[in-house]
1. Once each part is reduced to its C-alpha centroid, what is the distance from the range B:263-279 to the range B:32-84 in angstrom?
2. Could you please state, rounded to a whole Å, how far the C-alpha centre of the range A:1-16 is from the C-alpha centre of the range A:154-175?
3. Just tell me which lysines come within less than 23 Å, Cα to Cα, of A:LYS127; anything on the same chain fewer than 8 places away is out.
4. Using a Förster distance of 30 Å, how high is the FRET efficiency between A:ARG197 and A:ASN10, based on the Cβ-Cβ distance and rounded to 0.05?
5. With a Cα-only, solvent-free Debye model of the protein assembly as shown, what are the log10 I(q)/I(0) values at q = 0.06, 0.07, 0.09, 0.13 Å⁻¹?
6. Summarise the long-distance tail of P(r) for the range B:2-296 by giving the % of C-alpha pairs beyond 28 Å.
7. On a C-alpha basis, how far is the centre of the range A:117-144 from the centre of the range B:124-198 in Å? Whole number, if you could?
8. Dividing the alpha-carbon radius of gyration of the range A:2-96 by 2.2 N^0.38 Å (N being the number of residues), what value is obtained?
Amino acid sequence: MPGPAIRFRNVNVSLGGHSILSDVSFDVAAGEVHCIVGPNGGGKTTLVRALLGQAPFDGKIELEGVANPVIGYAPQSLDLDRTLPFTVLDVLAVMNQRRPAFLGRSTVGMAEQDAMLRRVGLEKKSKRLFGFLSGGERQRLLFAQALLPRPDLLIMDESTSNMDDEGARLVEKMVGEASDAGTTVLWVNHDLEQVCRVARTATAVSRRILSHGAPRTTLAVRSFSEQRA
Amino acid sequence: MNTLYAAIRAGFEGLANWGLLPSALHFQFVGNAVIAALVIGPLLGMLGTMVVVKRMAFFSQAIGNAALTGVSIGVLLGESNSSPYVSTFAFCIIFGLVLRYTQQRTSLSSDVLIGVFLSISLAIGASLLLFVSARMNTHVLENILFGSILTVSPLDLNILLAVAAICFVVGGVFYNRMLLSSFSPSLAEARGVPVRLIEYTFVLLITLVTVACVKIVGAVLVEALLVIPAAAARNVSRSIREFVFYSVGFATVACLLGIIVPMQYNVPVPSGGAIILVAASFFAITALLRNLLPAFRVAT
């Protein structure tokens, strides 16, 4: 069953008297991989925060087709003090279970978590402190948790920006598999070549919409750079 | 409940008679204080880990100082000198919620805003104390500031147990969600966590605990017992399980030693000061262990 379609209609976001997003309207079809690109400070993350209910906005953002969709979100990073004694498994427990993490892992979903750690190459680091992971490994973990449980809508915010090539390719493959299984994917991404590889459609945002459509034709690296300039 | 407290105290006395517990436990008020310590230690130990993770040490200090103002208001309004709980709970809850509300709606950094609120609260409390001091003797004032085991009554224990029950249930059920909402509010929101409600709930828990513990630890020092055991635990922990259990252990032992040792050896220090000094010694020892022994050097 495909995930929800997303409809952004005349979305406006202002923070501290400054307009961050102005009259942003576009659609993301159910089950497709859609990338949002644009320059730093262009409002991409704010758009995601508005979608998640974390930023006040005018206009409409609607999820259609699935009642109470499961949303997976892979943030750029966690605001977690690196010296805190939280292992990889602790972080997954905090995110995925109701039982207090300090009482140990819940057996519910444990097999899926272990399998996901294996999939993203972190199974041998499951007892390592989160603060000891490299930037790329942390992003692998954040991506892994977003797929637990299997989401109807997967939102990713520059999820491969610190990964090596192998990690980025793995994420691309897993995103493709999730999309094939029906998950709608909204991916904020700076890597335009990656966007061309993975996305069916893309939207360039810099306060307002610069362009929207198939990535290879409308968001080619050169033309996007020219618009940004 | 009084029967239960009496039975527990009788148990302490019996063990003291056999030489298994310190002789100070023959005194009823020490028995009450030890019962309180056995509740306060685990409670503050568990909540303290959240305070450290959420970087809210300064916030809990502000609540502790607000308790001083709450006590003053209570005495001025005619509540009992020894247990002005209604005014203290009311003032601290309003103070905590207004502070949190303002934090979410200002561009000022958190520490600056808390500093402002803390100063205002302390100024009001200090001003009111001038009026209040005419209605109570200096010892009562010292007890409020630095804690005293002499004044722990069955009413105090009842309130402490009620607050502990609320905090253990709510804190336990929402522990993961409270942590997650501080790691990444957006991620928490995506996972269906009502972030704002959770944040206000945490503020309420901290406020309730602070007020309920003022009698034992004192308004000035109660925040330290939220922070120091958890900070000591962090020094030597390698997982969230160790972090919480060490923190609970350090807080409980600090409370027990801080109450019993001064009584047993006639050391004239207030219970709050003694408890915090014991907790601080745990912090010093664990900080040394962390720096000296590679096995404890868990994070850099």
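Every number in this text was worked out from the coordinates using simple rules, so none of it is lab data. Please read all numbers here as calculations on a predicted model, not as lab measurements. Don't worry about glycine lacking a Cβ; one is built from the backbone with ideal geometry, like all the others, and counts go over all protein chains shown.
1. Here the answer is 18 Å between Cα centres.
2. Using only Cα atoms to place each centre, the spacing works out to 23 Å.
3. Of all the lysines, those that pass the test against A:LYS127 - Cα under 23 Å, at least 8 places apart if same chain - are B:LYS54.
4. Details: r = 31 Å, r/R0 = 1.04.
That gives a FRET efficiency of 0.45.
5. -0.36, -0.48, -0.74, -1.20
6. Details: 16704 of 43365 pairs.
So the portion of pairs separated by more than 28 Å is 39 percent.
7. With the range A:117-144 and the range B:124-198 each reduced to a Cα centre, they are spaced 36 Å.
8. Details: Rg = 16.0 Å, N = 95, 2.2 N^0.38 = 12.4 Å.
For the range A:2-96, the normalised Cα radius of gyration comes out at 1.29.
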